[in-house]
Amino acid sequence: MYDPITIKRQQKLNRELGTIEVPQAFLDKFPDMKRERAEKYFATYVSAVFRVFVIRLAFTSDGETNVSFEKLFNACGTFNYNKVRYSIWNAFKEIYPFMVVVKLGSNLNSKTNYNEKNTRVKVVNERMLEMLFAEKSPQEVYDQLFTAADENAATAAVHIDMDNLARFIGCTQYELEKAPAEATKLRSKLNSNLWQAQLIQKVGIVTEKKFGAAILPMIESPSAFGRTYYKGLNIQNVSKQVRSAVIGHHYQYDMNAAVFATKLYLYGVAKGGDNALVGSLDGTYTRQYLAEKNQIRNRLAKHCFEGVNLPWDSKVKAIKDALTAIGFGARMQGRTWMGKNGLEGTALADILKSPAVRVTFEQDAWVKAFAAEQIEIEDTILTHAETLDGFDEMVEAIRASNEVNGRVTRAGKLAYMYQHYETFIMDIAVGVMKRYGIEPVARIHDAFIVREKLPDRVLDDVYAEWGLRDYMRLDCDEVREWAEASYKRAIDDAAREQAEHHERMKKAETFARMYAIKKTGVA
């Protein structure tokens, strides 16, 4: 798979293709420099870029990602030529580019600035990076992803199903072969999935040799807002397709429309208990959404995207994301909202990009009532929060997390409360499971993964611990193993042969009719 012979063969191939060579423009600019020295600087440049992209390429969107030019500048270092100091980064970045700037960033640390975007770039030399990746040994990649300190800090690990992961990689490579060049979004998604999977595959090779089992180390990074995140490449931040490839056959349980269920829970507490909501009109539209979310999403997708040439699934997902954004505090005309990953913008305009679609969505009577109800629920929750003993501590935690200006916003308070209660609710569910000897394979905020389907008695106990609230339910999704790429190829070949056969039969029938008309003169 990634044995030394394969790696050396890839390095030889890269050299033969002439793609990893010092640019002639550099040699021309510094004619008195020895070639060995020029190659050393070029190798430094390539290595620095690869170290940045080894993880970034796993999370590109439409071929774009965020990087820090300051870090690249420092990582490359400098050299002297004829008593003049030059930056290695500046010397190569334009004559041998791996990226083009989309939007120049501030180079601030994203942890201290919710609005930090760093420098947005579009990758322009993916083929080279893929070749570099292929010639890197698993140990080299592992060392760039995990330090010794990371290993010691790892509090958990996820077992990697290496066979299933290999099948997924094969299937993704096959899908890339089929994907037309103009399908840029699809190809970007497939490339991102492939990069994530291949990174984890190399991690698995190293950990299997090192620890006796293929595992993905999970290094906790707790948030002041209540959630537990993980550093670097982890089971939370990969795509759901890659997650399924890593874990293999499993069952994933998600809280039904978690943001709205959690808000109703907090709303009930603020109102003096859930009984205060029963029989009242409070939370009517939110409860309706929890009970009929698929029907509501489908109706809005059909209504808002009428006449728009877009796949049905994409329409429904856009509506789902827009409603979720409103649930997290996005305003119809707002600029930003406190999403699952911090302050995000520009509210609905980033989700429903078509002005016509957005206006239709915003003017829908149900959406208007639903959005107004969210504001009323949030106002009630925040007013109640101010009466609680821990309110001052909450405010200080939010202020401390915003090191840029220390502002404590409405969106920040809502996100803090939501994420703490989300964690509290899911801790209860996991606690019930553990009483039955069931350990989750992984937790992803408002979801958890287990190997076997939970018995009804376990779910009943979870719901009982949740206070038998009818709006707090777990949706179960069985995720099966991936098939071999050859199986997919055989299915596609059979479908193509059948289509070609139908076309031949159609032509034969047309020919027969024309022949009969010619012979008989009767149409």
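The values are calculated or read from the model by the stated rules, or taken from the named source; none is laboratory data. Since the model is a prediction, treat every value here as computed from it, not as a measurement. Positions of Cβ are backbone-derived with ideal geometry, glycine not excepted, and every protein chain shown enters the neighbour counts.
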For the list (1) surrounded by fewer than 16 Cβ atoms within 10 Å (Cβ to Cβ); (2) part of a helix (DSSP H, G or I); (3) touching a residue at least 40 places away in the same chain (Cβ under 8 Å); (4) not polar (S, T, N, Q), I need the number of the one condition that D143 fails. (3)
Among residues of segment 302-331, those that are closer than 15 Å to E362 by Cβ and either among the small types (G, A, S) or outside the structural domain of P355 (by TED's automatic domain parsing) (or both), counted: 4
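Kindly provide the set of residues from segment 432-461 that are closer than 23 Å to L264 by Cα and either of a type in the set (F, W, Y) or in contact with a strand residue (DSSP E or B) (Cβ under 7 Å, 6 or more places away or on another chain) (or both), ordered by number. Write out each step before concluding.
Residues of segment 432-461 that are closer than 23 Å to L264 by Cα, as a first pass: 432, 443-448, 459-461.
If the condition is that a residue be closer than 23 Å to L264 by Cα and either of a type in the set (F, W, Y) or in contact with a strand residue (DSSP E or B) (Cβ under 7 Å, 6 or more places away or on another chain) (or both), then D446, A447, F448, L459 are the ones that fit.
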Between residues in segment 185-205 that are within 19 Å of A485 (Cα to Cα) and of a type outside the set (A, V, I, L, M) and residues that are at pLDDT below 95 and surrounded by 22 or more Cβ atoms within 10 Å (Cβ to Cβ), which pairs lie under 7 Å by C-beta distance while being six or more apart or on different chains? S192/A58; W195/L57; W195/A58; Q196/A58; Q196/V238
What's the number of the condition T409 fails, among (1) surrounded by 15 or more Cβ atoms within 10 Å (Cβ to Cβ); (2) closer than 28 Å to V479 by Cα; (3) in contact with a strand residue (DSSP E or B) (Cβ under 8 Å, 6 or more places away or on another chain); (4) not aromatic (F, W, Y)? (2)
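From the set of residues in segment 150-168 that are over 30 Å from K488 (Cα atoms) and in a loop (DSSP other than H, G, I, E, B), which is modelled with the highest pLDDT?
Filtering first and then ranking leaves T155.
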Of the residues T207, T147, which is more than 16 Å from G63 (Cβ to Cβ), β-branched (V, I, T), out of contact with any Asp or Glu (no Cβ under 9 Å at 6 or more places or on another chain) and at pLDDT below 90? T147
Looking at this structure, is R331 modelled with pLDDT of 90 or more and surrounded by 15 or more Cβ atoms within 10 Å (Cβ to Cβ)? no
Kindly list the number of the only condition in (1) closer than 20 Å to A325 by Cβ; (2) small (G, A, S); (3) touching a Phe, Trp or Tyr at 6+ places or on another chain (Cβ under 8 Å) that fails for A385. (1)
By my count, strands (runs of 3 or more DSSP E) wholly in segment 421-491 with at least 3 residues that are loosely packed, with under 13 Cβ neighbours inside 10 Å and without any contact (Cβ under 8 Å) to a residue 24 or more places away in the chain are none
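Residues are listed down the side, and each one gets a yes or a no for (1) outside the structural domain of D282 (by TED's automatic domain parsing); (2) modelled with pLDDT of 95 or more; (3) among the hydrophobic types (A, V, I, L, M, F, W, C):
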{"site": "A356", "(1), (2), (3)": "no, no, yes"}
{"site": "D364", "(1), (2), (3)": "no, yes, no"}
{"site": "V367", "(1), (2), (3)": "no, yes, yes"}
{"site": "L388", "(1), (2), (3)": "no, no, yes"}
{"site": "K413", "(1), (2), (3)": "no, no, no"}
{"site": "I425", "(1), (2), (3)": "no, no, yes"}
{"site": "M433", "(1), (2), (3)": "no, yes, yes"}
{"site": "D446", "(1), (2), (3)": "no, no, no"}
Test: residue in segment 221-239 that is closer than 23 Å to P311 by Cα and either in contact (Cβ under 8 Å) with a residue 40 or more places away in the chain or assigned to a helix (DSSP H, G or I) (or both): yes
Looking for something among the hydroxyl-bearing types (S, T, Y), within 18 Å of the chain's Cα centre (by Cα) and assigned by TED's automatic domain parsing to the domain that holds M218 - is there at least one such residue anywhere in segment 133-149? no
Looking only at strands (runs of 3 or more DSSP E) that fall completely inside segment 84-134, which ones have 3 or more residues that are of a type in the set (F, W, Y), modelled with pLDDT of 85 or more and touching a Phe, Trp or Tyr at 6+ places or on another chain (Cβ under 6 Å)? none
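Looking at N294, is it among the polar types (S, T, N, Q), surrounded by fewer than 18 Cβ atoms within 10 Å (Cβ to Cβ) and closer than 19 Å to M472 by Cα? Before the answer, list the steps.
Working: among the polar types (S, T, N, Q): yes; surrounded by fewer than 18 Cβ atoms within 10 Å (Cβ to Cβ): yes; closer than 19 Å to M472 by Cα: yes.
So N294 passes the test.
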Subset of segment 57-68 [surrounded by 19 or more Cβ atoms within 10 Å (Cβ to Cβ) and in a helix (DSSP H, G or I)]: L57, A58
